[in-house]
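Each remark here refers to the structure printed beneath this line.
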Ligand SMILES: NC(=O)c1ccc[n+]([C@@H]2O[C@H](COP(=O)([O-])OP(=O)(O)OC[C@H]3O[C@@H](n4cnc5c(N)ncnc54)[C@H](O)[C@@H]3O)[C@@H](O)[C@H]2O)c1
């Protein structure tokens with residue numbers, strides 16, 4: 001007999017919450033039964049799914065088998081703790097929390113009781129899955145350099161991330177965590193050697209520019225650069241150069257291996273729209289979460305890795321001594 005579908009709720013129906021809903025809709029093992037979202041304009045088109053004005057209401061009133069938390073980062077702790085106390089398994093968006101201390105509280109609320117998985121989606125996006133495979137196969141030869149750049153302008157990125165009160169800190173936390181996690185998973189990071197973290201382009205108190213240097217376990221220093229700009233811009237790549245070949249990932253676009261025979265496309269997204277290009281990764285992440293809930297199978301991203309990524313971010317902020325020089329409460 002076919003297993004009953006997991007009844008899933010989503011807390012926060014903004015940019016990534018709505019993509020999670022698309023992933024749920026295309027997965028036969030789950031059904032979306034509830035959404036918590038205070039902004040009614042965002043849930044107008046969801047049809048007959050129960051909607052609640054806050055995650056507290058959803059948790060109090062609706063029976064669900066699992067919860068996807070896609071709330072502003074500052075609300076992750078309260079919502080995750082509420083789910084844990086009710087024994088509800090959670091897929092929690094990254095970063096786990098605005099601080100490492102809060103990430104520890106979330107981990108402790110679930111540990112040994114209820115499944116928790118952190119949506120470090122970089123482990124699931126096909127262009128990065130392909131890149132990881134090439135690196136692990138040793139196809140690049142001896143690694144000579146590793147670099148990640150993620151720069152985008154206000155026309156391309158969701159301005160909500162500048163809201164320090166809701167999303168905490170800034171670009172190093174919100175975007176840098178992906179790169180630090182990636183380099184740690186692929187090569188192992190010994191330590192963050194240097195971090196220049198700045199608030200230059202906006203005035204909300206969030207860091208919007210970040211240059212990190214990390215020492216990898218293979219002895220190389222790798223560079224990571226992040227920028228939120230006020231101009232229109234999208235420039236993002238993850239590049240690894242080896243003695244035999246080089247590899248370039250253009251996030252949400254493609255992954256290409258270059259060797260003496262020419263260019264080999266490892267993966268190319270068919271969609272050029274940014275939100276749709278998230279979908280394959282978010283869908284694969286959801287499948288992993290379902291396996292965790294149903295079969296207690298360890299997910300691709302363990303809790304240890306998610307905490308480690310948060311530790312690396314914390315270490316970068318400590319190294320830089322970054323303090324916001326102005327803070328505007330957007331409310
Ligand atoms: N894995 C990824 O690649 C990825 C991509 C984007 C965002 N994220 C993460 O997802 C989280 C959300 O980011 P986003 O870009 O979707 O933000 P968003 O602002 O677009 O969405 C958050 C939503 O939560 C709603 N909300 C606020 N308070 C609420 C409450 N009490 N109850 C229910 N809903 C509430 C807001 O109205 C908003 O619609 C962040 O932690 C972010 O870092 C991850």
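Obtain the nm distance between the two label points defined at residue 213 and residue 26 by a simple spin-label model: each point lies 7 Å from its Cα along the Cα-to-C-beta direction.
Modelled inter-label distance: 4.2 nm.
Assuming a ≥ b ≥ c are the square roots of the Cα gyration tensor eigenvalues, decide whether region 85-127 counts as rounded (a/c under 1.5), prolate (otherwise, with a/b larger than b/c) or oblate. Mind dumping the intermediate values first?
Working: a/c = 2.93, a/b = 1.47, b/c = 2.00.
Judged from the Cα gyration tensor, region 85-127 comes out oblate (a/c at least 1.5, b/c at or above a/b).
Considering only 80, 132, 36, give the residue with the highest GNM mean-square fluctuation for the chain, with springs between Cα atoms whenever their separation is below 10 Å.
132
What does the convex hull of the alpha-carbon atoms of the chain project to on average, in nm²?
Numbers: hull surface 70.2 nm².
In nm², the orientation-averaged hull projection of the chain is 17.5.
By how many degrees, 0 to 90 and rounded to 10, does the Cα axis of helix 15-25 deviate from the longest principal axis of the chain?
It is inclined by approximately 70 degrees.
Which distance in nm do the two modelled labels at residue 259 and residue 190 give, with both placed 7 Å along the Cα-to-Cβ direction?
In this crude label model, residue 259 to residue 190 measures out at 2.9 nm.
Under a point spin-label approximation (7 Å from Cα along Cα-to-Cβ), what is the residue 45-residue 165 distance to one decimal in nm?
Computed distance between label sites residue 45 and residue 165 equals 3.0 nm.
How would you rank 164, 136, 48, going from fewest to most other Cβ atoms within 10 Å of each one's own Cβ? Don't skip to the end; give the middle numbers.
Values: 164 22, 136 9, 48 5.
Listing 164, 136, 48 from fewest to most nearby Cβ atoms yields 48, 136, 164.
Out of all DSSP beta bridges in the chain, what portion is antiparallel? Express it as a percent rounded to 5. If you can, show how the numbers build up before the last one.
Details: 39 of 66 bridges.
Around 60 percent antiparallel, to the nearest 5.
Can you pull the semi-axes for region 195-304, root of five times each eigenvalue of the Cα gyration tensor, sorted largest first, whole Å?
Largest first, region 195-304 gives 27, 24, 19 Å.
Would you order 10, 64 from fewest to most other beta-carbon atoms within 10 Å of each residue's own beta-carbon?
Numbers: 10 29, 64 21.
Fewest to most other Cβ atoms nearby, the residues stand as 64, 10.
Per DSSP H run of at least 4 residues, take -39500 (n - 2.57); add these up for the chain, divide by its residues and hand me the 222 nm value, nearest 500 deg cm²/dmol.
Numbers: 10 runs with 110 residues, N = 331.
Helix-only estimate at 222 nm: -10000 deg cm²/dmol.
Which shape class applies to region 6-120: rounded if a/c is under 1.5, otherwise prolate when a/b exceeds b/c and oblate if not, where a ≥ b ≥ c are the square roots of the Cα gyration tensor eigenvalues?
Values: a/c = 1.66, a/b = 1.46, b/c = 1.14.
It comes out prolate by the Cα gyration axes.
Taken together, the values in this text are just the output of simple stated rules run on the coordinates, not laboratory data. Keep in mind it's a predicted model, so treat the numbers as computed, not measured. As a convention, Cβ positions derive from the backbone with ideal geometry for all residues, glycine included, and neighbour counts pool all protein chains shown.
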